[in-house]
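*Asks:* Got a structure for you, questions after.
The values are calculated or read from the model by the stated rules, or taken from the named source; none is laboratory data. Fair warning: this is a prediction, and the values are worked out from it, not measured in the lab. When we count neighbours, we look across all protein chains shown, and the Cβ atoms used for this are built from the backbone with ideal geometry, even at glycine.
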């Protein structure tokens with residue numbers, strides 16, 4: 001039952017109950033009053049009869065015996081209690097009280113009905129008798145010779161009749177109330193049905209069910225409201241479709257951005273957080289609707305947004321993340337544009353500049369390393385050339401030695417320039433690799449055999465092991481250069497008496513080559529940079545051995561150019577393992 005129907009039913013029920021109660025109370029009082037009047041008239045007639053019986057008998061205490069006998073006869077004839085009272089209020093006879101107790105009775109001169117009778121009027125009073133212990137109706141009439149005849153009748157029958165009437169009235173009222181409630185419910189249900197349907201339709205529209213309509217034609221009084229609801233539903237449908245379309249477009253744009261986007265309201269509650277931002281901070285759960293510090297847990301980002309909220313300018317700042325991965329983010333934050341001065345929210349765009357920072361660092365290192373690598377042989381060439389030019393007294397042996405130094409450094413410069421050009425060609429993808437089926441095991445064995453004198457010179461043991469068919473799809477010249485560079489590094493950084501092993505395995509997809517040595521190893525902090533240009537773990541030893549610092553970088557580009565991958569594993573003082581994979585040749 002709706003509230004309106006409940007209110008209407010309750011109002012009608014209260015009205016019916018009120019009418020029944022008022023009518024019942026009025027009926028009960030009217031019946032009581034009429035019955036009392038009837039009893040009073042009957043008592044007056046009986047009092048007159050009792051007065052006739054007492055006529056001629058003086059109302060004095062000495063005649064108490066005779067008067068009591070008269071009261072007994074009159075009470076028996078009238079069927080009521082009859083009391084004969086002297087003019088001074090003394091009781092001289094009573095049909096309900098024995099003669100011997102009459103002197104003990106209280107004086108009745110102060111009783112209301114007795115006072116009225118002594119004054120010459122008919123007195124009447126209703127009260128509880130202390131003598132007989134019941135509610136009685138008293139009626140007193142004066143006698144001609146003085147004295148009062150008082151009759152009393154028990155009102156229990158009257159009260160029983162009134163109680164029966166009351167019960168009947170209550171039953172009738174309850175029945176009328178039940179019938180009235182049923183009729184009120186039916187009437188209110190029919191009367192409020194249009195309102196109920198319109199409320200249901202309005203609630204459905206508010207809940208998003210814009211196709212819901214009224215199932216029937218409403219009355220003229222409500223037709224305008226129904227038409228307004230229909231028009232409102234159509235307008236809401238159009239607005240909702242537009243808003244949904246715009247929201248989906250905005251969501252698609254935000255989710256496709258490589259930048260993280262974050263928007264918070266004036267209280268710091270997250271309004272927008274795209275997937276890229278959640279990836280940056282590895283947020284757990286949906287951050288929308290949660291405070292920023294609870295959802296993102298970044299005090300630095302919160303401080304940036306607070307600064308932007310207090311300024312009209314764009315706040316730009318870099319921040320570093322350690323978890324879930326090391327990142328460098330560039331944050332641009334500004335508060336929402338608003339005509340009012342009140343702050344309504346802040347938006348921030350986070351750019352991942354980790355790779356840019358790394359590239360900038362690599363560029364700086366490359367410039368510094370290239371400059372240093374080129375400066376060393378140039379300084380040697382220039383110094384020995386100036387010595388040759390300025391000194392005319394050099395012996396032939398010294399002159400020859402100086403020229404050899406110049407030639408050696410010139411060759412080193414040539415090798416550096418050659419490797420740089422080759423690396424540049426690989427990075428620009430200008431070099432075309434001819435991928436054919438290559439037996440990796442045979443190529444490795446040939447290279448190890450050709451380098452046999454060098455292995456013998458350094459007293460190194462070399463072993464090539466291959467399992468199954470290890471034919472890879474590769475460029476023979478590029479693969480030869482990769483293996484040559486890796487073998488050359490192993491020879492340079494393995495102490496005499498050490499071991500070098502080449503293990504070649506294959507699966508259904510690729511061929512793996514692992515070149516392991518028992519050399520000096522690589523520190524853990526340098527493992528991630530050994531493939532960078534000019535990066536040297538042991539700079540002094542590398543230059544002394546004639547390396548350009550570009551070999552491993554060339555190896556990495558060649559392997560990737562052939563569709564493979566390369567990695568390094570090493571433990572300082574134990575040795576290193578360079579493992580690369582190439583696509584397997586189709587059978």
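*Asks:* Which of the numbered conditions does residue 279 fail, given that it passes all the others? Conditions: (1) within 21 Å of the chain's Cα centre (by Cα); (2) under 16 Å from residue 344 (Cα atoms); (3) surrounded by 12 or more Cβ atoms within 10 Å (Cβ to Cβ).
*Replies:* (2)
*Asks:* Output the residues belonging to region 100-109 that are touching a strand residue (DSSP E or B) at 6+ places or on another chain (Cβ under 8 Å) and closer than 13 Å to residue 63 by Cα.
*Replies:* 102 - this is the single residue of region 100-109 that is touching a strand residue (DSSP E or B) at 6+ places or on another chain (Cβ under 8 Å) and closer than 13 Å to residue 63 by Cα.
*Asks:* Can you tell which of 9, 80 is touching a residue at least 40 places away in the same chain (Cβ under 8 Å), more than 13 Å from residue 147 (Cβ to Cβ) and in contact with a strand residue (DSSP E or B) (Cβ under 9 Å, 6 or more places away or on another chain)?
*Replies:* Working: 9 fails: in contact with a strand residue (DSSP E or B) (Cβ under 9 Å, 6 or more places away or on another chain).
Every option except 80 fails the conditions.
*Asks:* Touching a strand residue (DSSP E or B) at 6+ places or on another chain (Cβ under 6 Å), surrounded by 17 or more Cβ atoms within 10 Å (Cβ to Cβ) and in a helix (DSSP H, G or I), is that true of residue 51?
*Replies:* Yes; evaluated as a whole, the condition is true for this residue.
*Asks:* A follow-up question, please. Need pairs with beta-carbon distance below 7 Å; first residue in contact (Cβ under 8 Å) with a residue 12 or more places away in the chain and within region 92-118, second part of a loop (DSSP other than H, G, I, E, B) and buried (at least 21 other Cβ atoms within 10 Å of the Cβ); sequence gap 6+ or separate chains.
*Replies:* Final answer for the pair search is 92/59; 92/86; 114/108.
*Asks:* Can I ask one more? Let me confirm something: among 522, 500, which residue is part of a loop (DSSP other than H, G, I, E, B), on the phi < 0 side of the Ramachandran plot, in contact (Cβ under 8 Å) with a residue 24 or more places away in the chain and crowded, with 19+ Cβ neighbours inside 10 Å? Reasoning before the result, please.
*Replies:* Details: 500 fails: part of a loop (DSSP other than H, G, I, E, B).
None of the other options fit; the residue is 522.
*Asks:* Yes or no: residue 171 under 57 Å from the mean Cα position of the chain (by Cα), at pLDDT 70 or above and within 30 Å of residue 39 (Cβ to Cβ)?
*Replies:* yes
*Asks:* Which residue pairs have Cβ atoms closer than 8 Å, lie 6 or more positions apart in sequence or on different chains, and pair a first residue in region 435-455 that is closer than 12 Å to residue 502 by Cα with a second residue that is in a loop (DSSP other than H, G, I, E, B)?
*Replies:* If the second residue must be in a loop (DSSP other than H, G, I, E, B), the pairs left are 440/470; 441/470.
*Asks:* Further question on the same structure: For the subset of region 448-461 comprising residues that are touching a strand residue (DSSP E or B) at 6+ places or on another chain (Cβ under 9 Å) and part of a helix (DSSP H, G or I), which member is farthest from residue 477 (Cα to Cα)?
*Replies:* 455
*Asks:* Among what's in region 54-78 and is outside any helix (DSSP H, G or I) and in contact with a helix residue (DSSP H, G or I) (Cβ under 8 Å, 6 or more places away or on another chain), pick the residue that is surrounded by the most Cβ atoms within 10 Å (Cβ to Cβ). Quick ask: steps written out before the conclusion?
*Replies:* Keep residues of region 54-78 that are outside any helix (DSSP H, G or I), which gives 55-60.
In the following step, the residues that additionally are in contact with a helix residue (DSSP H, G or I) (Cβ under 8 Å, 6 or more places away or on another chain) were identified as 57, 59.
Numbers: 57: 18, 59: 22.
The qualifying residue surrounded by the most Cβ atoms within 10 Å (Cβ to Cβ) is 59.
*Asks:* Just wondering, is there one or more residues in region 280-287 that are assigned to a helix (DSSP H, G or I) and touching a residue at least 60 places away in the same chain (Cβ under 8 Å)? Let's see the steps before the verdict.
*Replies:* First pass over region 280-287, keeping only residues assigned to a helix (DSSP H, G or I): 280-281.
Okay, now just the ones that are also touching a residue at least 60 places away in the same chain (Cβ under 8 Å), so 280.
Yes, that holds for at least one residue.
*Asks:* Among the listed residues 514, 506, which satisfies the condition of being more than 22 Å from residue 552 (Cβ to Cβ) and touching a residue at least 60 places away in the same chain (Cβ under 8 Å)?
*Replies:* When all the criteria are applied, what remains is 506.
*Asks:* Moving on to the next point. For region 106-147, how many residues are at pLDDT below 80 and either part of a strand (DSSP E or B) or not assigned by TED's automatic domain parsing to the domain that holds residue 50 (or both)?
*Replies:* Number of matching residues: 4.
*Asks:* For residues in region 531-572 being under 29 Å from residue 436 (Cα atoms) and part of a loop (DSSP other than H, G, I, E, B), which is modelled with the lowest pLDDT?
*Replies:* 533
*Asks:* Answer with yes or no whether residue 96 is touching a strand residue (DSSP E or B) at 6+ places or on another chain (Cβ under 6 Å), outside any helix (DSSP H, G or I) and surrounded by fewer than 20 Cβ atoms within 10 Å (Cβ to Cβ).
*Replies:* Against the criterion (touching a strand residue (DSSP E or B) at 6+ places or on another chain (Cβ under 6 Å), outside any helix (DSSP H, G or I) and surrounded by fewer than 20 Cβ atoms within 10 Å (Cβ to Cβ)), residue 96 qualifies.
*Asks:* Right, here's the next one. Is one or more of the residues making up region 218-229 at pLDDT below 65 and not in a helix (DSSP H, G or I)?
*Replies:* yes
*Asks:* Additional query: Output the number of the condition that residue 343 fails; it satisfies all remaining conditions of (1) at pLDDT below 75; (2) crowded, with 16+ Cβ neighbours inside 10 Å; (3) in contact with a helix residue (DSSP H, G or I) (Cβ under 7 Å, 6 or more places away or on another chain).
*Replies:* The one condition residue 343 does not meet is (2).
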